[in-house]
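Asker: There's a structure below that I have some questions on.
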Amino acid sequence: MTMVRSGGPLTGKRIMVTRAKSQVRELVDRIEHLGGEAYAFPLLKMVPPTDCSKLDEAISELHTYDWMIFTSVNGVRFFFERMRELGVGVDAITSQLAAVGPKTAEVLIAQGLSVAVIPSDYVAESLLTSLHQELLPGQRVLLPRADIARKTLPKKLTGLGMKVTEVDVYHTVIDAELAPEAAFQLKQRKIDVILFTSSSTVTHFVSAMAPFQAPGWLDQVRIACIGPITAETARQNGLAVHVVASEYTVEGLLDALLENLGGNGHGSNI
């Protein structure tokens, strides 16, 4: 069990974490290291697609792609799990690789691969800016993604003349088992901050909480979002957003929260 560090910049703050079960541990550990108390309310589960035929076809044709673009750590994880299940080795990948965000790149590098492009901002639009000089019309691009991924990237790549193949490598499903207890914690004003790390965590939170909402029940809560797209989703769903990270990572989110609370996130060893 992680020890909460007393006297840290988040001391006295109880923070709700809405990440998927498979990802929640890292964020909980960081909050506790900063002296806060994390309340885990994982809303998402990632599961393999029920029909893998399109994914399997793409894996069998890896040698035909000029680029593979990964937009999340989970996309990498599920893609390589399926490759292993099919008995296909990493050496079958001959294309150039691009990754949205350093964490995604790190997972690819851990597979023994090199990543040609990592944008400075960790969203699809920045990836397109970084890739623009590298892409040639007619090149084939493979996008292994979640079933709920935004369509911005494939639409713009197609607009640049690329031949884009999208494949679902995992499905994101709601996991609202803990919703009644989470709603009780909020109504009892026992939560100071809610962290949202993706648009899907926002929409699933709103869906899971719909039966429990009451006037003013979130008035005392700061809502912190990992980036502007997540923040816009929150606002569209009627949530007041107090914190938006300028660096779209867990570290950037916690730094932005500390700044909002009057602390200094830099040098916090998060």
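What follows is calculated from the coordinates using simple rules that are stated; it is not laboratory data. A quick note: this is a predicted structure, and the numbers were derived from the prediction, not measured. All Cβ positions, glycine included, derive from the backbone under ideal geometry; neighbour counts span all protein chains shown.
Asker: Just to confirm a number: summing +1 for Lys and Arg and -1 for Asp and Glu over residues other than residue 180 whose beta-carbon lies under 15 angstrom from that of residue 180, what do you get?
Answerer: -1
Asker: Relative contact order (percent) for the chain, with alpha-carbon contacts under 8 angstrom and 6 or more residues of separation?
Answerer: Dividing the mean separation by the residue count of the chain yields 18 percent.
Asker: Given N residues in the stretch 151-232, what is Rg(Cα) / (2.2 N^0.38 Å)? Display every interim value, and only then the final one.
Answerer: Numbers: Rg = 17.2 Å, N = 82, 2.2 N^0.38 = 11.7 Å.
This ratio for the stretch 151-232 stands at 1.47.
Asker: If I take every Cα pair under 8 Å that is 6 or more residues apart in the stretch 47-173, average their sequence separation and divide by the length, what percent do I get for the relative contact order?
Answerer: Reported as a whole number, the value is 31 percent.
Asker: Using a 10 Å cut-off around each Cβ, can you sort 76, 107 from fewest to most neighbouring Cβ atoms?
Answerer: Details: 76 25, 107 20.
The most exposed by this proxy come first: 107, 76.
Asker: Next question, about the same structure. Once the piece of chain linking residue 111 and residue 152 is laid out straight, how much longer is it, given 0.36 nm per residue of separation minus the C-alpha distance between them?
Answerer: Here the answer is 12.0 nm.
Asker: Please list, by residue number, everything in the stretch 61-75 whose backbone N is under 12 Å from a paramagnetic label point 7 Å out along Cα→Cβ of residue 103.
Answerer: In the stretch 61-75, the label zone of residue 103 (backbone N under 12 Å from the point 7 Å along Cα→Cβ) covers 72-75.
Asker: Sum up the charges of everything whose Cβ sits under 13 Å from the Cβ of residue 76, counting Lys and Arg as +1 and Asp and Glu as -1, but leave residue 76 out.
Answerer: Within the 13 Å Cβ shell, the charges total +3.
Asker: Please work out the FRET efficiency for the pair residue 219 and residue 133, using the Cβ-Cβ distance as r and a Förster radius of 51 Å; give the result to the nearest 0.05.
Answerer: The calculated FRET efficiency here is 0.60.
Asker: Just going by the charge dipole of the chain, with Lys and Arg at +1 and Asp and Glu at -1 on Cβ, which of 220, 246, 144 is farthest out on the positive end?
Answerer: Checked the options; the winner is 220.
Asker: Let me ask you something else. Using only the Cα atoms, what convex hull volume per residue in Å³ does the chain have?
Answerer: 137 Å³
Asker: Oh, and also: Given the pairs 13/151; 54/155; 21/187; 21/163, which span a C-alpha to C-alpha distance of over 28 angstrom in this model?
Answerer: 13/151; 21/163
Asker: Which three numbers, in whole Å and largest first, are the semi-axes of the equivalent ellipsoid of the stretch 47-173 derived from its Cα gyration tensor as √(5λ)? Walk me through the intermediate numbers first.
Answerer: Numbers: eigenvalues 83, 48, 47 Å².
Taking √(5λ) for each Cα gyration eigenvalue gives 20, 15, 15 Å.
Asker: Going by how many other beta carbons lie within 10 Å of each one, how would you line up 178, 254, 44, 128, fewest first?
Answerer: The fewest-first ordering by Cβ neighbours comes to 178, 128, 44, 254.
Asker: Using DSSP to call loops (not H, G, I, E or B), can you name the trypsin sites (Lys or Arg not before Pro) in the stretch 166-213 whose Cβ has at most 13 other Cβ atoms within 10 angstrom?
Answerer: Details: sites: 187, 189, 190; in loops: 189, 190.
Loop-located and lightly packed - 189, 190.
Asker: Moving on to the next point. Indicate, rounded to the nearest 5 percent, the antiparallel portion of the DSSP beta bridges found entirely in the stretch 47-173.
Answerer: 5 percent
Asker: Let me ask you something else. Give me the dipole magnitude in Debye, nearest 20, for the stretch 8-66 about the Cα centre, with unit charges on the beta carbon: positive for Lys and Arg, negative for Asp and Glu.
Answerer: 560 debye
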